[in-house]
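This report concerns only the one structure given below.
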Amino acid sequence: MAIRYPDSSLEEVAAGRIRRLRRVLAGLAGLVALVVGISFVLSWDSSEGSPGNLTEPLYEWPGPLPSFTDVTGAWGLNGWRNTAETEASGGMAIGDLNGDGRDDLVVAGGQVAVFLAVDGGFSLADLPPTDGAVSVDLADVDADGLLDLLVGRESDEDLILWGETLLSDQQQRAVFKGGAPTTGLISVDLDEDGLLDIVRLGYGGGRAAADVIWRQVATRVFEEIELPNSRRRSLAAGVADFDGSGSLDLWVTRDVGWKTGGDSLYVGSRSDPLLWEDRATDFGTAVEIDGMGVALADFTGDQQIDVYLSDLGDNELLRREGPFLEPAAANYAKDAERGIGRIRAIGADEGQISSSWGSGVADLNLDGVLDLVVVNGGFPSQKVDNKVPGTTVAISDAPALFLGLPEEPGRWADVWPDLGLEWAGAGRGLVLGDLDGDLDTDIVISTRDNGLVVLRNDTEGPSLLVEVETSCDSTGLFVNLFASAGPLQVPVAAPTFLGRHSRQFILGTGGESVSLPSGDRSRGPARYSFAGKTRERLVLTCRDVGRDLLR
């Protein structure tokens, strides 16, 4: 799915004029090179990719359905529209921006819209312009106790809007070199020095913007580290300790990987924070797909963190095959038998396929089993490269709500067709979180052509909401819970396509006890225990959580 972007930035720079002049004056050698380049592009565009396993839903849901209500208008969120030029836009994030104890919603689609929580819904804040906004993140980057807003843009400049002036007309901003467009800004302390760094994912179109780490070397002072990959077209990333080294790694998924090369697995050096390698080929993770989103979770119930990649034509579940990555080994296996390979729109024939974007893990029906939400949508305003010959991409395409089957661990059934919810729009972004404070997971979806869709979760039952303090670096964090069914790893504040889910995870307890171990060790003694009879909330301190996974 090659998204076509203009080759020039929104703001012309002198360096660009000089480069073009040099190309014009290059003479005969330049003309020859141009002809060769054109020939290469033509041959490149004519290639085709495999759709993978075009599996239909494999399982049916046997029990009571969760209850959702579309409250977009009732909560005052029906006025937003995506005005960005970029098809890959509509990023969102959830967090408490004004310190009133209620989570607010940030949306990027041309401009940044901040919706502040008020009684009965949300109110749009009045902000200075942020032209060309497509992606967002929320984090306390400068450690002053306030959430800062990171904004990825279509132009050559990205922004950090500092928290103390974020909601005023005198915003203090930091400007960074952008990815034209920047499809991801992910805040995370990669070098473990106590300062949050920023990962910038660049799409770049014809200009091939690199993936970059903005390393924070002092408060609000950053240095640039370019990550070693020339394929670009990055759209989303998952953050975890994939190789078992004790440090965080970056799995970056890419658009049109079936033409330009597969995903990257960036692994950092423990001795040199400036040194990073792309080990995807070594570890067998350079999958060649139209990668739009990454979701990490133990999908198969074997206490290993698997990888779910949303795609055009064939979403991939990659099952982890061992506790540690080994070079030249089959570390991940494609698993098409789980029921979460959303391929085509509901009721569509084989001539039409889905394009999937944002995804996220939650316990939607409060049964203590992990579920998966996947957003789908096509391209209302332009044509795209389609790797599946003879098919079209569905434009208005309902999301998939995959519920984990309680009696068949590692199997899912899509219940969206049974929920009685209407859908119209080309989906893009997704955030999951408790927007109304009733301790269950609500769903917010951005579309390219039909605004926001906000689904309030009205499912009944006891639950436990686990979140981490704002001051904690929660990227790449999995909270290890012990429930009656055994150990369970749940992601908190996970990055999503163009944005970030909330800093919470809500697990249904079913009336059974739940306990959490202390410290970084996943098998340590329980520090917190809950009877599971009611809806309860637990805020973890930075000392309560770590990134060690069950292995």
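One Cα centroid belongs to region 458-496, the other to region 328-365; the line between them spans 23 Å. Given +1 at the Cβ of Lys and Arg, -1 at the Cβ of Asp and Glu and no other charges, the dipole of region 357-512 around its Cα centre is 860 debye to the nearest 20.
Projecting the Cα atoms of LEU116, VAL141, PHE478 onto the charge dipole of the chain, computed from C-beta unit charges around the Cα centre, puts VAL141 farthest toward the positive end.
When the charge dipole of region 245-378 is built from unit charges on Cβ atoms (+1 for Lys and Arg, -1 for Asp and Glu) and taken about the Cα centre, the candidate among GLY301, GLY368, GLN352 whose Cα reaches farthest toward its positive end is GLN352.
Using a Förster distance of 35 angstrom, determine the FRET efficiency expected from the C-beta separation of ARG543 and GLU277, and round it to 0.05.
Details: r = 32 Å, r/R0 = 0.90.
So, using R0 = 35 Å, E works out to roughly 0.65.
Counting heavy atoms of the protein chains alone, TYR266 has an accessible area of about 0 Å² for a 1.4 Å probe.
How large a share of the accessible area of the chain, in percent, is made up of carbon and sulfur atoms when the probe is 1.4 Å and the other protein chains stay in place?
Percent of accessible area from carbon and sulfur atoms in the chain: 50.
Its DSSP H runs of at least 4 residues, each contributing -39,500 (n - 2.57), put the calculated 222 nm mean residue ellipticity of the chain at -2000 deg cm²/dmol, to the nearest 500. Relative to the longest principal axis of the Cα atoms of the chain, the long axis of helix 14-24 lies at roughly 50 degrees.
Helix 28-45 and the longest principal axis of the C-alpha atoms of the chain enclose an angle of approximately 30°. If only the Cβ of Lys and Arg carry +1 and only the Cβ of Asp and Glu carry -1, the dipole of the chain around its Cα centre is close to 1420 debye. Normalised by residue count, region 281-321 yields a Cα convex hull volume of 66 Å³ per residue. Of the peptides 427-435, 361-369, 100-108, the ranking by mean beta-carbon count within 10 Å, highest at the top, reads 427-435, 361-369, 100-108. If you take the charge dipole of the chain about its Cα centre, with +1 on Lys and Arg Cβ and -1 on Asp and Glu Cβ, which of LEU190, TYR203, VAL415 is farthest toward its positive end? With unit charges placed on the Cβ atoms, the residue in question is TYR203. Think of a 1.4 Å ball rolled over the protein heavy atoms: the chain then has 38 Å² of accessible area per residue. Considering only alpha-carbon pairs that sit under 8 angstrom and 6 or more positions apart, the relative contact order computed for the chain is 14 percent. Distant-in-sequence amide contacts of GLY360, defined by a placed amide H-H separation under 5 Å and a gap of 5 or more residues or a different chain, comprise VAL373.
Give the cross-link partners of LYS387 among the lysines, using a straight C-alpha distance below 30 Å as the criterion and excluding same-chain residues fewer than 8 apart. Correct list for LYS387: LYS259, LYS334. log₁₀ I(q)/I(0) of region 150-275 at q = 0.16, 0.17, 0.20, 0.22 Å⁻¹, via Debye over equal Cα point scatterers, no solvent, to two decimals? For region 150-275, the Cα-only Debye profile gives -0.79, -0.88, -1.15, -1.32. The alpha carbons of the chain occupy a box of 78, 53, 50 Å along the principal axes, longest dimension given first.
The values are calculated or read from the model by the stated rules, or taken from the named source; none is laboratory data. Quick caveat, the model's predicted, so the values are computed rather than measured. Quick reminder, even Gly has a Cβ in these numbers, built from the backbone with ideal geometry, and neighbours come from all protein chains shown. Keep in mind that these areas ignore ligands, DNA and RNA; they rest on the heavy atoms of the full protein, side chains included. Shrake-Rupley method; radii C 1.70, N 1.55, O 1.52, S 1.80 Å.
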